[in-house]
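Asker: Quick one: the structure is below, and I'll ask about it shortly.
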């Protein structure tokens with residue numbers, strides 16, 4: 001029983017397990033134990049930078065040039081924080097495909113939206129008034145504003161203009177829908 005001894009301080013009982021406790025085993029055990037607090041679910045790894053020359057890299061360049069605070073969530077996915085008048089801070093979500101990008105902002109989440117005949121009429125009229133963006137209810141039943149652009153139409157100026165259009169439309173929609181927002 002060279003280098004084998006019981007983990008507990010009591011003498012081994014019949015059928016007890018013996019564990020190898022050499023320096024390598026102790027170091028490995030310590031590393032495993034010490035790694036638990038470092039790998040909590042609340043922590044995450046930072047997304048990797050986009051590969052140069054890709055559409056994703058182009059979008060990241062436009063985000064940097066926009067002047068707004070932005071965060072990369074994962075590959076081809078970001079959000080920006082834009083100040084609003086009615087909403088305070090507007091969170092614009094961006095998703096890029098191989099050759100297009102969608103930008104959107106949740107105006108009112110489902111749990112807070114009161115859908116009535118009057119609120120539907122307001123949404124329809126607002127949808128008519130808004131240019132270059134859509135006011136819609138998504139698959140999660142949240143009221144949102146969104147815009148989509150193809151890469152061929154995208155420039156730094158058009159990118160920033162679209163951010164401003166989405167933010168402005170979300171802010172306006174929030175103001176119009178305020179009477180139909182549950183507290």
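Asker: Cut-off is 10 Å between beta-carbons; in what order do 78, 153 appear when sorted fewest neighbours first? Write down the numbers at each step before the final one.
Answerer: Numbers: 78 21, 153 11.
The most exposed by this proxy come first: 153, 78.
Asker: While we're looking at this one, here's another question. Go through 128-139, 54-65 and give me the packing order, highest mean Cβ count within 10 Å leading.
Answerer: 54-65, 128-139
Asker: State the volume of the convex hull built on the alpha-carbon positions of region 87-131, expressed per residue in Å³ and rounded to an integer.
Answerer: Numbers: hull volume 5.4 nm³, N = 45.
Output value, Cα hull per residue: 120 Å³.
Asker: Turning to a different aspect of this structure: Classify region 41-101 as rounded, prolate or oblate, taking a ≥ b ≥ c as the square roots of the eigenvalues of its Cα gyration tensor: rounded when a/c is under 1.5, otherwise prolate if a/b is larger than b/c and oblate if not.
Answerer: oblate
Asker: While we're here: If you project the alpha carbons of region 111-160 onto their three principal axes, what span does each projection cover, largest first, in Å?
Answerer: That gives 40, 23, 14 Å along the principal axes, largest extent first.
Asker: With just the Cα atoms of region 71-171, tell me how far they stretch along each of the three principal axes, in Å, largest first.
Answerer: Principal-axis extents of the Cα atoms in region 71-171, largest first: 39, 27, 26 Å.
The numbers here are math on the coordinates, done by the rules we state, and not lab data. Not measured: the values here are computed from a predicted model. Reconstructed Cβ throughout: ideal geometry from the backbone, glycine too, with neighbour counts over all protein chains shown.
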